[in-house]
Amino acid sequence: MPKGGTGAAGLEASTGARLREIRLGRRMSLSDVATRAELTKGFLSQLERGLTSVSVPTLLRICDVLRIGVGELFSYPEEEVPTGGSRIDMGGEGVAEYVLTPAGSTAFQVFRSVVEPGGGTGGPYRLEGTTIFALGLRGSTRLIVGGETRMLSAGVSTSFSGDTFHQFDNPGTTVSEILWVLSPPLLRAARELS
């Protein structure tokens, strides 16, 4: 079982609690963050309490307002050779994600996404200053990069600049799985740019 393998509701709650902790530490009101992230105060309050899910683009917008990389919300594997990785909540719907590299990794970061049928990021986003490699492990995942559709199935790979707007979803009827390699790691690189 992956380390940190809590249910989706538990992950949303821990991500929300971490966002609240950072917001309060920066002495920002709920209204300030909601306004700057172009969200309602009610939605942000529900997110902080773990009562709702968030799309990847929206989560990155909140992180940008708080001046943090999305990687700062993750719990990283403690062991040098992780088994299964640590479950993270990067946003989206019907997506279980695991970080497979320890926090000390400075050159690259590896993630595994398991996407339920109909699940995905919930919209396009970009990651400033990253290079992304994606490898399909099972099922079929639709990856849209800069408006171009790339289908990933087992053994099919692609790479692209994280600066390009991209999104992914599972249009099929069975679970799909993707391995992602990002350089540099999200801890330093991630934020949405509109």
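A few remarks follow.
- Report note on the peptides 155-162, 166-173: ranked by the mean count of other C-beta atoms within 10 Å, highest first, their order is 166-173, 155-162.
- For L179, net neighbour charge (Lys/Arg +1, Asp/Glu -1) across residues whose Cβ lies under 13 Å away: 0
- Near G122: Cβ cut-off under 10 Å, other residues only, Lys/Arg at +1 and Asp/Glu at -1. The net charge is -2.
- Taking 20 Å as the cut-off, the amide N atoms of the range 53-74 that come nearer than this to a point 7 Å along the Cα-to-beta-carbon line of L30 belong to 53-55, 58-67.
- Least to most buried among L73, L100, L179 (fewest other Cβ within 10 Å first): L179, L100, L73
- For q = 0.14, 0.18, 0.19 Å⁻¹, Debye-computed log10 I/I(0) when each Cα of the range 76-189 counts as one equal scatterer: -0.52, -0.89, -0.99
- Normalised contact order of the range 8-71, rounded percent, pairs of Cα under 8 Å and 6 or more residues apart: 40
We did not get these values from a lab; they are worked out from the coordinates using the rules stated. Keep in mind that what you see is a predicted model, and the values were worked out from it rather than measured. For neighbour counting, all protein chains shown are included, and Cβ atoms are generated from backbone atoms with ideal geometry for every residue, glycine included.
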